[in-house]
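Scroll down for the structure; my scribbles are underneath it.
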Amino acid sequence: MVNRFDLTKRLVARLKKDEAVIGGIGNTNFDLWSAGRRPQNFYMLGSMGLAFPIALGVALAQPNRRVFALEGDGSLLMQLGCLSTIATLRPKNLSMIVMDNGIYQITGAQPTPAAAATDLIAVAIGCGLTNSTWAADEEDFERLIDQSLTASEPMLIGVRIDDKPGTGATRRDPVQIRERFMLGVGVREPM
Ligand SMILES: Cc1ncc(C[n+]2csc(CCOP(=O)(O)OP(=O)(O)O)c2C)c(N)n1
């Protein structure tokens, strides 16, 4: 089955250079951290569901930069309203990825509603994000990432992944994470 860390490495390998990547709480940012530190990466700590909203803000503030966001299914379910907001504002430089393992893996693998009832891509399309699709496998994921690099509307890629925990652990230093990111996206002068 498809694995989050494997997909994250495939994503990072396809970046040109300056794309921002926002990792959600827990496993998505652990795997992003392990895939190689970049100054254009932001690692969300503590709050579920904020990867897409933060990425939306970056995408609107810097329309010439491609912005990726990585989120877990449980976290996205906690912040579904952001899909309607993103569909309304339609930043063409925003690419979102939901890593759907059907569980809240990091807190003990309790099943999420995405396992039993909710199709998150169908929800996204219903919210108006018409360029939303499930990736069938790793190769399909890479093809969709390439497509999203030049997309002219926001794109959401869903991937059904295995139940493995994230690799590594992000250093829990929110101030450093914020400062490095601001330098990385050019809104802070080096001291
Ligand atoms: C508002 C809120 N409720 C609960 C938690 C505890 N919590 C942290 S991560 C997490 C599960 C995240 O699940 P998901 O986004 O599906 O990612 P996964 O762990 O499966 O990779 C939970 C319940 C939290 N941080 N914030």
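The values are calculated or read from the model by the stated rules, or taken from the named source; none is laboratory data. Treat the numbers as computed from the prediction; the structure is a model and nothing was measured. Neighbour counts are summed over all protein chains in view; Cβ atoms, including those assigned to glycine, are modelled from backbone coordinates with ideal geometry. When the accessible area is computed, the model is the full protein with side chains, heavy atoms only, and any ligands, DNA or RNA have been set aside. Shrake-Rupley method; radii C 1.70, N 1.55, O 1.52, S 1.80 Å.
Of note:
- Beta bridge orientation in the chain: antiparallel %, DSSP, nearest 5: 10 percent
- Set of lysines with alpha-carbon distance to Lys164 below 24 Å, sequence-local pairs under 8 removed: Lys9
- Hydrodynamic radius by Kirkwood, which averages 1/r over all alpha carbon pairs of segment 46-113, in angstrom: 12.5 Å
- Spatially, segment 139-191 and segment 1-53 are offset by 4 Å when compared through their Cα centroids.
- Taking each residue as 0.36 nm, the span from Ser47 to Arg65 lengthens on full extension beyond its C-alpha to C-alpha distance by 4.0 nm.
- Where the alpha-carbon atoms of the chain are placed on the principal axes, they occupy 51, 35, 30 Å, in descending order.
- Simple point charges give the picture: +1 on the Cβ of Lys and Arg, -1 on the Cβ of Asp and Glu, and for segment 1-144 a dipole about the Cα centre of about 660 debye.
- Residues listed by number, segment 130-161, amide nitrogen under 20 Å from Ala122 label point at 7 Å toward C-beta: 130-137, 156-161
- Accessible surface computed residue by residue for segment 1-70, with neighbouring protein chains in place and a 1.4 Å probe, gives 37 Å² per residue.
- Of all aspartates and glutamates in the structure, the ones whose alpha carbon falls short of 12 Å from that of Lys16, not counting any fewer than 8 places away in one chain, are Asp146.
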